[in-house]
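**Q** Sending over a structure as structure tokens; questions will come in a sec.
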Amino acid sequence: MKISARDIDHLSLTLSDPEATASRLLQLGFNLTPEGVEPRCICFQPDQDDVPNYIELLQGHPAVVALALNVADLEGEERTHAWETEDGFEVDAGVVVGESGGPLPWFAVRHETPDAFMEPEWIVHPNGALAMMAIHAVAEDPREVAKALEAAWTAKIEEILEGCMMVKAGSVELLIWSPAAYQSEYKALEVKAPKALPAVVGATIAIERSPPLQALLRANNVSFEVGEDKRVLVGPEQAGGLMLEFMPQT
């Protein structure tokens with residue numbers, strides 16, 4: 001399957017218990033769309049008005065983390081859902097979902113109502129989160145996986161570190177690490193590469209400032225590490241299976 005990807009639209013987490021993951025993410029200071037309607041989403045201010053930027057939690061089996069790639073034209077399954085804001089206003093969302101691809105799990109999407117994922121009360125977060133900047137994956141051969149996605153998405157690739165390839169179709173970067181490079185880069189968290197590769201393992205979230213987030217995490221008894229440039233690192237056991245890197249912008 002080949003597409004002309006505009007950007008990585010969102011990160012899709014299929015979980016056995018999405019509400020438990022939502023509770024953990026609330027402890028990290030994220031706002032989510034209302035409970036009781038699937039998917040639960042963490043929405044961010046997008047780089048483009050018609051390309052959302054969010055993380056979705058779905059219930060299902062087997063558990064998988066997949067990338068959703070935004071395209072301008074797409075035929076596929078139409079999915080609709082509606083949330084209610086605190087003011088009682090109903091927000092309707094419509095998404096067309098295409099077929100899945102590989103070697104890293106991904107699928108194409110086209111939004112009929114992209115503004116549904118940009119409601120002001122959902123894109124403002126107590127932890128100061130601004131946007132999903134990057135997604136992290138691990139592969140035995142990062143270059144091989146990057147080249148496959150470059151061809152599938154009509155994207156650009158670049159080796160940014162030894163053992164790390166970047167794939168970019170828009171503003172959100174996909175960083176593909178070798179197991180050794182991933183464990184070295186995030187050694188403060190003592191992370192381990194998954195046994196089944198390639199796999200998505202984490203995300204980088206832009207935040208306003210580091211100190212308020214650190215204070216919030218301490219107040220909620222969430223363990224974390226502080227890296228270079230005051231990056232805040234939260235291990236997958238604290239974030240529903242994803243390693244989260246919070247990158248301060250000021």
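The values are calculated or read from the model by the stated rules, or taken from the named source; none is laboratory data. All of these numbers come straight from a predicted model, not from anything done at the bench. Don't worry about glycine lacking a Cβ; one is built from the backbone with ideal geometry, like all the others, and counts go over all protein chains shown.
**Q** On the basis of being touching a Leu at 6+ places or on another chain (Cβ under 6 Å) and modelled with pLDDT of 95 or more, does Ala68 make the cut? First the steps, then the outcome.
**A** Details: touching a Leu at 6+ places or on another chain (Cβ under 6 Å): no; modelled with pLDDT of 95 or more: yes.
So Ala68 does not fit the description; no.
**Q** Filter segment 21-59 for residues that are over 16 Å from the mean Cα position of the chain (by Cα) and either modelled with pLDDT of 95 or more or part of a loop (DSSP other than H, G, I, E, B) (or both) and give the result.
**A** Initial filter on segment 21-59 (over 16 Å from the mean Cα position of the chain (by Cα)): 23, 27, 34-38, 48-50, 59.
Scanning segment 21-59 gives Ser23, Gln27, Pro34, Glu35, Gly36, Val37, Glu38, Asp49, Asp50, Gln59.
**Q** Does segment 72-117 hold any residues that are surrounded by 13 or more Cβ atoms within 10 Å (Cβ to Cβ), among the β-branched types (Val, Ile, Thr), in a strand (DSSP E or B) and free of Cβ contacts under 8 Å to residues at least 60 places away in the same chain, and which are they?
**A** Within segment 72-117, Val91, Val95, Val96, Val97 qualify.
**Q** May I ask you to list the residues in segment 121-145 that are within 20 Å of Lys2 (Cβ to Cβ) and either more than 18 Å from the chain's Cα centre (by Cα) or among the hydroxyl-bearing types (Ser, Thr, Tyr) (or both)?
**A** If the condition is that a residue be within 20 Å of Lys2 (Cβ to Cβ) and either more than 18 Å from the chain's Cα centre (by Cα) or among the hydroxyl-bearing types (Ser, Thr, Tyr) (or both), then Arg143, Glu144, Val145 are the ones that fit.
**Q** Then there is this: Given Glu173, Glu159, which one is more than 19 Å from Leu11 (Cβ to Cβ), modelled with pLDDT of 95 or more and in the same structural domain as Ala203 (by TED's automatic domain parsing)?
**A** On the way: Glu173 fails: more than 19 Å from Leu11 (Cβ to Cβ).
Of the residues listed, the single one that is more than 19 Å from Leu11 (Cβ to Cβ), modelled with pLDDT of 95 or more and in the same structural domain as Ala203 (by TED's automatic domain parsing) is Glu159.
**Q** Still on this model: Can you find, within segment 25-37, the residue that is surrounded by the most Cβ atoms within 10 Å (Cβ to Cβ) among those that are touching an Asp or Glu at 6+ places or on another chain (Cβ under 9 Å) and touching a residue at least 24 places away in the same chain (Cβ under 8 Å)?
**A** By that ranking, first place goes to Thr33.
**Q** Give segment 171-216 a look and list any residue that's among the aromatic types (Phe, Trp, Tyr) and part of a helix (DSSP H, G or I), or say none.
**A** So in segment 171-216, the residues among the aromatic types (Phe, Trp, Tyr) come out as 177, 182, 186.
Within segment 171-216, Tyr182 is the sole residue that qualifies.
**Q** Report, by residue number, each residue of segment 178-193 that is closer than 24 Å to Ser223 by Cα and buried (at least 16 other Cβ atoms within 10 Å of the Cβ). Break it down into steps so the answer makes sense when it comes.
**A** The initial filter retains those residues of segment 178-193 that are closer than 24 Å to Ser223 by Cα, namely 179-193.
If the condition is that a residue be closer than 24 Å to Ser223 by Cα and buried (at least 16 other Cβ atoms within 10 Å of the Cβ), then Pro179, Ala181, Tyr182, Gln183, Glu185, Tyr186, Leu189, Val191, Ala193 are the ones that fit.
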